[in-house]
Amino acid sequence: MKPRHILFASALAATAFGCSSSSTEGNEAATETVAADSLQQKLDTYTSVRLTTDLSSLSESEKKTIPLLIEASDLMNKMFWYEAYGQKDSLMSALDSEAAKKYVQINYGPWDRLNNNEPFIAGVGPKPEGANFYPTDMTKEEFEQAGLKDKASQYTFLRRDGNGKLITVPYHVQFKEEVQRAADLLKQAAALAEDAGLKKYLNLRADALLNDNYQPSDLAWMEMKDNRLDIVIGPIETYEDKLFGYKAAHEAYVLVKDMEWSERLSKYAAFLPELQRGLPVADQYKKETPGTDSDLNAYDVVYYAGDSNAGSKTIAINLPNDEEVQLKKGTRRLQLKNAMKAKFDKIMEPIAAELIAEDQQQYVTFDAFFANTMFHEVAHGLGIKNTINNAGTVREALKEHASALEEGKADILGLYMITQLHEKGEVEGDLKEYYTTFLAGIFRSVRFGAASAHGKANMVRFNFFQDNGAFERDEETGKYRVNYEKMRQAMNKLSEKILTLQGNGDYAGVGTLLNEQGQISPQLQADLDRLSKANIPVDIVFEQGSEVLGLK
């Protein structure tokens with residue numbers, strides 16, 4: 001088949017990034033070709049899943065609410081496109097390949113999120129570390145020296161005025177039209193809400209979109225207990241900002257609670273203070289007391305939008321990120337059961353068959369995958385949020401390294417929690433299931449690439465575990481075998497290392513850890529390539545929306 005051509009006009013370089021300078025500025029016009037079969041290979045790294053759930057237990061009012069929440073969520077797509085790239089329309093209109101358009105849509109831009117943000121459209125150039133949150137010609141030194149009180153706010157863009165001087169633009173100003181429409185839709189949903197907690201939250205979240213003051217709605221979200229519908233919406237995670245890790249990106253999830261599964265999970269949050277006291281680290285690194293008003297629930301997700309829908313898909317949520325709210329109220333942990341099951345069936349089981357020793361494959365189970373994912377989210381509440389040396393919060397001190405290290409902490413402390421609770425008889429099953437599924441989970445996540453905080457965190461853990469004998473690779477079969485006792489020892493050792501780095505706010509130390517341990521070795525890359533050759537997808541994309549749910 002002859003390759004189709006993508007003509008990437010120089011005009012795109014001048015318009016694609018809106019207010020900020022484009023990373024393609026100064027490039028000559030590109031008229032290179034990108035093979036359609038190469039783009040199809042990229043598309044094949046994803047497998048499609050229909051996002052549905054049983055709506056029969058919902059009231060008519062709740063069924064009317066879901067399309068309003070989906071419409072509000074869809075506006076997050078438009079805002080995230082601007083944050084991640086710039087002007088979507090300019091990019092899409094320059095493409096004449098349907099495969100290219102589809103892959104651009106999946107990635108919210110021309111950079112491959114599963115391949116370390118490498119450009120896959122000719123002439124684009126590298127992705128700016130600060131995405132579209134900052135001018136691409138801005139240096140870190142210029143930012144640090146700028147006398148702008150809200151420059152590090154999660155909810156401002158950095159731009160240049162007519163004289164080239166840095167200024168800030170609040171999100172609610174940049175997105176005035178979009179946030180007004182989203183707020184109106186949330187108000188309409190609030191009017192239909194039968195649960196008082198959901199009604200209060202939706203009204204406060206609508207207000208927050210209009211003024212960028214999210215703490216009142218975060219507190220209201222924490223106070224909801226009996227709602228069957230939920231929505232996470234707004235600028236939330238800071239992964240997209242790899243320059244400083246300051247700026248939050250817009251996203252949304254529309255959720256239907258699984259009441260039966262949630263009841264089974266509700267008991268675990270109460271163990272947080274006890275588990276905090278037992279962490280394998282010096283006392284000063286565990287002196288904070290986790291909030292005890294934490295929720296742990298299972299949901300079916302029926303709509304993803306924005307940051308959560310870009311590249312690899314989230315299967316569990318731990319929010320809010322506001323440290324003050326966390327210390328006062330704890331967090332809520334939402335397990336996205338239907339998306340999780342899809343990933344287990346389509347990705348985890350095939351990976352285990354290819355890379356886990358045959359006699360240990362029996363220990364790779366969905367229940368263990370669910371638990372490992374769940375306790376990862378719970379473990380975000382453990383450890384320390386503020387440095388012990390008055391360097392501010394851990395997030396402030398570690399800057400762009402904070403997200404990767406926090407994900408690494410949650411992974412390793414999640415396994416620690418399972419181990420401790422299993423010994424207390426609070427977690428059922430064979431501990432070998434959790435450890436073996438944990439290793440299979442590392443192979444799944446490292447395929448997301450170093451551009452993902454989760455992928456880099458998994459790579460650090462893989463290399464650390466390998467160095468400490470937590471598993472061995474059979475040279476003949478190319479399969480991996482867990483050493484359960486050594487994995488437990490490595491778990492405690494890595495837990496101590498990460499908690500110490502966080503508590504010290506050791507920016508340089510974290511950078512060294514990520515640079516030295518966050519790399520994929522040639523041997524591991526060869527094994528990961530076997531997964532691709534076996535046509536095992538890396539992640540999922542969704543058929544989703546009101547029509548898929550039968551609500552239109």
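The values are calculated or read from the model by the stated rules, or taken from the named source; none is laboratory data. Just so you know, these numbers come straight off a predicted model, no measurement behind them. No Cβ is skipped: glycine too gets one built from the backbone with ideal geometry, and neighbour counts run over all protein chains shown.
In table form, for the structure just shown:
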item	result
Residues located in the stretch 385-404, provided they are in contact with a Lys or Arg (Cβ under 9 Å, 6 or more places away or on another chain) and either over 13 Å from Asn321 (Cα atoms) or acidic (Asp, Glu) (or both)	Ile388, Glu400, Ala404
Helices (runs of 4 or more DSSP H) lying entirely in the stretch 347-406 (those with 2 or more residues that are touching a Ser or Thr at 6+ places or on another chain (Cβ under 8 Å), under 15 Å from Thr500 (Cα atoms) and of a type in the set (A, V, I, L, M))	394-398
Cβ-Cβ under 7 Å pairs, at least 6 apart or on other chains, the stretch 176-204 side free of Cβ contacts under 8 Å to residues at least 12 places away in the same chain, far side surrounded by 19 or more Cβ atoms within 10 Å (Cβ to Cβ)	Lys199/Ala190; Lys199/Ala193
Any hit, the stretch 171-186, residues being over 26 Å from Ile315 (Cβ atoms) and touching a Pro at 6+ places or on another chain (Cβ under 8 Å)	yes
Flag if Val482 is surrounded by 19 or more Cβ atoms within 10 Å (Cβ to Cβ), touching a strand residue (DSSP E or B) at 6+ places or on another chain (Cβ under 8 Å), in contact (Cβ under 8 Å) with a residue 40 or more places away in the chain and within 24 Å of Lys432 (Cα to Cα)	yes
Count of residues meeting criterion [surrounded by 17 or more Cβ atoms within 10 Å (Cβ to Cβ) and not aromatic (Phe, Trp, Tyr)] in the stretch 128-151	8
Positions within the stretch 208-241 being of a type in the set (Asp, Glu) and touching a Phe, Trp or Tyr at 6+ places or on another chain (Cβ under 6 Å), in sequence order	Asp212, Asp241
Enumeration of residues in the stretch 166-185 that are closer than 14 Å to His250 by Cβ and hydrophobic (A, V, I, L, M, F, W, C)	Phe175, Val179, Ala182, Ala183
The stretch 417-434, residues that are crowded, with 19+ Cβ neighbours inside 10 Å and charged (D, E, K, R)	Glu433
Of the criteria (1) under 24 Å from the mean Cα position of the chain (by Cα); (2) surrounded by 14 or more Cβ atoms within 10 Å (Cβ to Cβ); (3) of a type outside the set (Phe, Trp, Tyr); (4) on the phi < 0 side of the Ramachandran plot, which one Gly545 fails	(4)
Contacts under 6 angstrom Cβ, first residue in the stretch 263-289 being closer than 14 Å to His380 by Cα, partner among the basic types (Lys, Arg) and surrounded by 12 or more Cβ atoms within 10 Å (Cβ to Cβ), 6 or more apart	Gln276/Lys286; Leu279/Lys286
Matching option when the condition is in contact with a strand residue (DSSP E or B) (Cβ under 8 Å, 6 or more places away or on another chain) and small (Gly, Ala, Ser), among Gly414, Gly392, Gly425	Gly392
Residues within the stretch 118-136 that are part of a loop (DSSP other than H, G, I, E, B) and within 21 Å of Ala249 (Cα to Cα), tallied	11
Any helices (runs of 4 or more DSSP H) falling wholly within the stretch 159-255 and containing at least 1 residues that are surrounded by 18 or more Cβ atoms within 10 Å (Cβ to Cβ) and of a type in the set (A, V, I, L, M)	176-192, 196-211, 215-223
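Every residue, every condition in (1) farther than 30 Å from Gln188 by Cα; (2) modelled with pLDDT under 95; (3) charged (D, E, K, R), yes or no:
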position	(1), (2), (3)
Thr31	yes, yes, no
Gln41	yes, yes, no
Glu60	no, no, yes
Leu69	no, no, no
Met76	no, no, no
Tyr82	no, no, no
Glu98	yes, yes, yes
Tyr103	yes, no, no
